[in-house]
Amino acid sequence: MNKDLTDITLVVDRSGSMQQRREDAQGGVNAFVQQQAREPGDALLTLVQFDTEYEIVHSGVPVQDVPEYELVPSDMNEADRPGLVIFVITTDGLENSSQEFTRDQIKEMIEYRQAEHDWHFTFLGANQDAFAEAGGLGIRAASAAQYSMDKVAAAYEGTASKVSRMRDQKRRGEEVLDEFTDEERKKMM
């Protein structure tokens, strides 16, 4: 073992949301690398940046040889951004095994995307109070539906109809109404 050798890996978020913190994050990474380059002993740096994919920028490079880092968030051009974003969550029971995010964190993320980016979330639940579960995640009751376990196909059929309506409303320039009809709800039960 070489006590004078340190292996450092930095994993940096470069998703579009980092645009607001780009200079601060970029400066922080560069200050980190510069400080480590001044330390006695040898250090190797691996730098990975990620969004929906990951990229290895440096792999085991001596820290003194690492060039200045430039963070370029991978935000989409406005012309390429989807006009309508829809998430459909389907479950047959209560959430019981999340380890990465708390319920409050998930609710905060969903509410942010709904309010700031006009994303739409649908919640389909069986063996639970789907409306309470959806509400606990920040999803409106109109966008939630209860389904019977023997009606899973009907739940997807009703959701497909709702999503088709939403897409049509968006294409027509109308307000997008993210809600199930009474008839769709009946077929799911």
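About the Cα centre of the chain, what is the dipole size in debye to 20, counting +1 per Lys and Arg Cβ and -1 per Asp and Glu Cβ, all else neutral?
Around 640 debye, computed over the chain.
Taking amide H positions as placed in the peptide plane 1.01 Å from N, state which residues far from residue 89 in sequence (5 or more) or on other chains have amide H under 5 Å from it.
So residue 89 has HN proximity to 122, 123, 124.
Which value, in Å², gives the accessible area per residue of the stretch 17-142 when a 1.4 Å probe is used on the protein heavy atoms?
Normalised by residue count, the accessible surface of the stretch 17-142 is 65 Å².
Measuring from the lowest to the highest alpha carbon on each principal axis, how far does the stretch 46-189 reach, largest first, in angstroms?
66, 40, 24
Do any GluC sites (Glu not before Pro) in the stretch 1-66 lie in a loop, going by DSSP, with at most 14 other beta-carbon atoms within 10 Å of their beta carbon, and if so which?
Taking the stretch 1-66 and a limit of 14 other Cβ atoms within 10 Å, the loop GluC sites (Glu not before Pro) found are 53.
Can you tell me the FRET efficiency between residue 11 and residue 61 if r is taken as the Cβ-Cβ distance and R0 is 25 Å, rounded to the nearest 0.05?
Details: r = 15 Å, r/R0 = 0.61.
So, using R0 = 25 Å, E works out to roughly 0.95.
If you roll a 1.4 angstrom probe over the protein chains with everything in place, what fraction of the accessible area of the stretch 1-135 belongs to carbon and sulfur, to the nearest %?
C and S atoms contribute 47 percent here.
Mind checking which of 158, 173, 188 is farthest towards the positive end of the stretch 149-188's charge dipole, using Cβ charges of +1 (Lys, Arg) and -1 (Asp, Glu) about the Cα centre?
173
Springs between alpha-carbon pairs under 10 angstrom, Gaussian network model over the chain: which of 50, 131, 121 fluctuates most?
The residue with the greatest mean-square fluctuation here is 50.
Using a cut-off of 29 Å between alpha-carbon atoms, which lysines can reach residue 187, once sequence neighbours fewer than 8 places away in the same chain are excluded?
Leaving aside lysines fewer than 8 places away in the same chain, those within reach of residue 187 are 107, 151, 162, 170.
Would you work out the charge dipole size for the stretch 80-176 about its Cα centre, treating the Cβ of every Lys and Arg as +1 and the Cβ of every Asp and Glu as -1, and quote it to the nearest 20 debye?
Dipole magnitude for the stretch 80-176 comes out near 420 debye.
Once Lys and Arg get +1 and Asp and Glu get -1 on their Cβ, which of 89, 2, 148 lies farthest toward the positive end of the dipole of the chain?
148
In straight Cα distance, which aspartates and glutamates are under 20 Å from residue 186, not counting same-chain residues fewer than 8 positions off?
92, 129, 133, 150, 157, 178
The values are calculated or read from the model by the stated rules, or taken from the named source; none is laboratory data. This structure is a prediction, so every number in the text was calculated from the model and none was measured. Glycine gets a Cβ as well: all are built from the backbone with ideal geometry, and neighbour counts include every protein chain shown. Surface accessibility is based on the protein's heavy atoms, side chains included, excluding ligands, DNA and RNA. Shrake-Rupley method; radii C 1.70, N 1.55, O 1.52, S 1.80 Å.
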